[in-house]
Amino acid sequence: MGLIEAVYIADSVDTLIYEHLINPQIPPFDAIIHKKTKVEKQSLAQFTKDSDDYDTEQCDLVRPAIPLDKNLALSQHTYNGLHFYVLCSSQRPNSEVERDCFNPALPFVFITRLIEVFEDYFGAPLVQSKIVSNYDTLTLLLNEMIEDGYPFVTNFNKLREVVPFKNFLSNLLAQTANFSSSANKLISSATANLTNSTPSFPSVPSAVQKDAIPWRRSNVKHTKNELFVDLIETLNVVLTPINTSKVTPKPPGIIGSAFYSSSGSGSKKLVPTLANIDGKINLTCHLTGVPTLQLLLNLNNFDLPAPAFHQCINVERWQQNPGYLSFIPPDGKSTIMNYSIHLDEAPVPKKLWSKYTGVMDIDYQTGLGKDKNEFELRLISKVNASSNMKSDLRGVPNKLNSKYVENLKLEVNCEVFQEKVSTIKGIRVTHGDFQYKGNGRAEWVFHKNLLVGATPILRGKIVSSDGSNEEHYDDSGSERNGFDIRSVTDSLSGVSEPLSPTYIRLQYSTIGSIPSGIKVESLKIASTLGGGEGIKPYKGVKYITRTGDFFIR
């Protein structure tokens with residue numbers, strides 16, 4: 001495993017904002033950046049030489065960690081305009097103990113956790129001004145999070161016990177004044193009474209103290225007690241079209257007629273060929289004392305074979321009764337459970353998969369128009385059948401039916417044959433904006449939330465770069481007899497090949513339903529220790545659906 005030698009935070013032009021050195025013998029930051037730039041240029045030149053299909057966007061995927069020399073490597077992560085650097089080495093200089101080879105995953109996992117901790121302390125989003133005004137707190141946090149070059153204390157609750165949220169200097173001065181006052185009183189008492197009493201000083205918290213509940217702070221107190229549960233599911237679906245209607249054949253000799261369809265493929269129904277759901281349960285807990293919670297889930301007949309639990313969960317209770325979670329919750333925000341549902345492994349017939357693929361039905365047609373280079377997308381938003389659920393969280397109203405589809409966007413992609421594509425036009429767009437982005441890719445973006453029940457329609461046309469499927473006109477500027485002789489000749493001779501999208505990617509989110517139908521039946525406080533007896537917190541539950549890899553092919 002690699003050893004962390006230093007942590008740097010810089011702006012977008014690599015001007016140093018903050019540095020934390022574990023090993024003072026390492027080179028200065030400017031020398032490290034200079035060496036990094038040199039190595040990147042050499043790697044870029046070599047990769048471009050070896051690869052015929054070089055893509056600059058893939059450069060970071062080739063070298064996730066940049067080796068500066070045989071012992072040092074630099075890992076970089078960019079977040080909100082800030083560059084986070086972790087300098088690691090495979091072994092310490094002059095060390096007699098041979099270390100394991102460098103693990104490139106260590107710095108990236110650590111940086112991700114570091115950003116989460118910073119945002120927990122200073123608020124999101126993390127910006128340069130927050131870092132500059134909190135140097136002292138950053139140093140204290142990193143002193144606890146790194147021990148001898150290895151990640152040490154990264155738990156939110158343990159860090160909060162050691163590093164205060166407020167300005168450290170003011171707390172330090174106040175604590176010093178308390179120590180001084182206590183010492184003066186003890187000295188005066190000892191001088192007056194000549195006693196041998198042993199003075200007692202306030203104890204200083206330590207992150208390495210052994211607690212019975214390592215994920216929860218001790219002596220937690222809240223003036224407002226509340227519990228919020230978020231069930232979030234991400235859809236990953238591949239839809240493929242099947243023909244649902246046949247095109248009436250044209251009699252011989254008829255070029256075109258209003259009585260016959262101009263579509264080459266007819267109407268197509270999209271059916272899922274691959275579908276899985278990635279879910280997680282987020283908990284926001286602000287409860288006084290040390291409560292024990294009982295969360296009961298209705299799994300909707302799904303078997304979750306290998307869920308991932310937070311360390312607070314009593315796994316034996318779940319194994320005995322799937323859907324029953326018993327735990328002492330962390331204070332604040334946490335993810336208590338992750339799960340995956342693969343529909344091909346679930347007891348769901350394939351013909352019913354569409355019921356678990358979200359709130360959007362899609363009618364997709366290709367091969368339209370006289371050149372068969374047009375396509376049409378018709379979106380039908382519906383109420384998810386699995387969203388008709390009720391919860392008994394003390395009568396708290398939970399809106400479980402989605403009213404709006406949010407962040408809706410479709411990407412029409414023709415990158416496989418982008419050299420043949422001049423542009424992608426929007427012939428008819430009933431909602432949102434349709435724009436061609438270049439490189440055979442266009443986007444249909446909805447800037448406003450789409451009301452459930454609406455039916456947006458997009459009719460698009462792929463224009464080839466050779467202009468063979470554009471409208472042609474005679475010398476007078478008018479199209480000849482409603483159709484072009486060259487396009488008919490090309491279609492009969494097979495010269496012009498119809499173009500259609502390679503795939504379409506769908507993105508959206510909804511609040512109020514999740515595709516699996518899993519729901520919260522009850523959330524109870526079984527017991528409370530430490531002053532929280534008899535509390536009646538405000539409870540709430542939210543169901544959120546998002547799309548991940550949702551493709552139409």
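Annotations for the structure displayed:
- Taking the criterion of being under 10 Å from Tyr503 (Cα atoms), not in a helix (DSSP H, G or I) and not β-branched (Val, Ile, Thr), the residues of region 407-429 that qualify are Glu411, Asn413, Cys414.
- Which listed residue is open to solvent by 70 Å² or more (accessible area, probe 1.4 Å), at pLDDT 85 or above and either touching a helix residue (DSSP H, G or I) at 6+ places or on another chain (Cβ under 9 Å) or farther than 22 Å from Lys403 by Cα (or both), from Asn439, Asn481: Asn439
- For region 64-89, a tally of residues being of a type in the set (Ser, Thr, Tyr) and open to solvent by less than 30 Å² (accessible area, probe 1.4 Å) returns 3.
- The number of residues in region 430-457 that are in a strand (DSSP E or B) and over 19 Å from Leu499 (Cβ atoms) comes to 5.
- When the residues of region 314-339 are filtered to those that are charged (D, E, K, R) and open to solvent by 50 Å² or more (accessible area, probe 1.4 Å), the one that is nearest to Cys285 (Cα to Cα) is Lys333.
- Selection of first residues in region 404-433 that are more than 17 Å from Arg505 (Cα to Cα) and of second residues that are of a type outside the set (Ser, Thr, Tyr) and open to solvent by 60 Å² or more (accessible area, probe 1.4 Å), restricted to Cβ pairs under 7 Å at least 6 apart or on distinct chains, gives the following pairs, ordered by first then second residue: Tyr404/Asn449; Tyr404/Leu451.
- Number of residues in region 340-363 that are aromatic (Phe, Trp, Tyr) and surrounded by fewer than 21 Cβ atoms within 10 Å (Cβ to Cβ) equals 1.
- In region 140-156, the residues that are under 19 Å from Pro330 (Cα atoms) reach residues that are surrounded by 18 or more Cβ atoms within 10 Å (Cβ to Cβ) and of a type in the set (Asp, Glu) with C-beta atoms within less than 6 angstrom, at least six apart or across chains, in these pairs: Val153/Glu144.
- When Leu450, Leu506 are checked against the criterion of being hydrophobic (A, V, I, L, M, F, W, C), modelled with pLDDT under 90, surrounded by 15 or more Cβ atoms within 10 Å (Cβ to Cβ) and within 24 Å of Phe551 (Cβ to Cβ), Leu450 stands alone in meeting it.
- Matching residues, region 298-315, being under 15 Å from Ile341 (Cα atoms) and part of a strand (DSSP E or B): Asn298, Ala308
The values are calculated or read from the model by the stated rules, or taken from the named source; none is laboratory data. In this text, all values refer to a predicted model and were calculated from it rather than measured experimentally. Neighbour counts run over all protein chains shown; Cβ positions are idealised from the backbone, glycine included. What goes into the accessible areas is simple: the full protein's heavy atoms, side chains included, and nothing from ligands, DNA or RNA. Shrake-Rupley method; radii C 1.70, N 1.55, O 1.52, S 1.80 Å.
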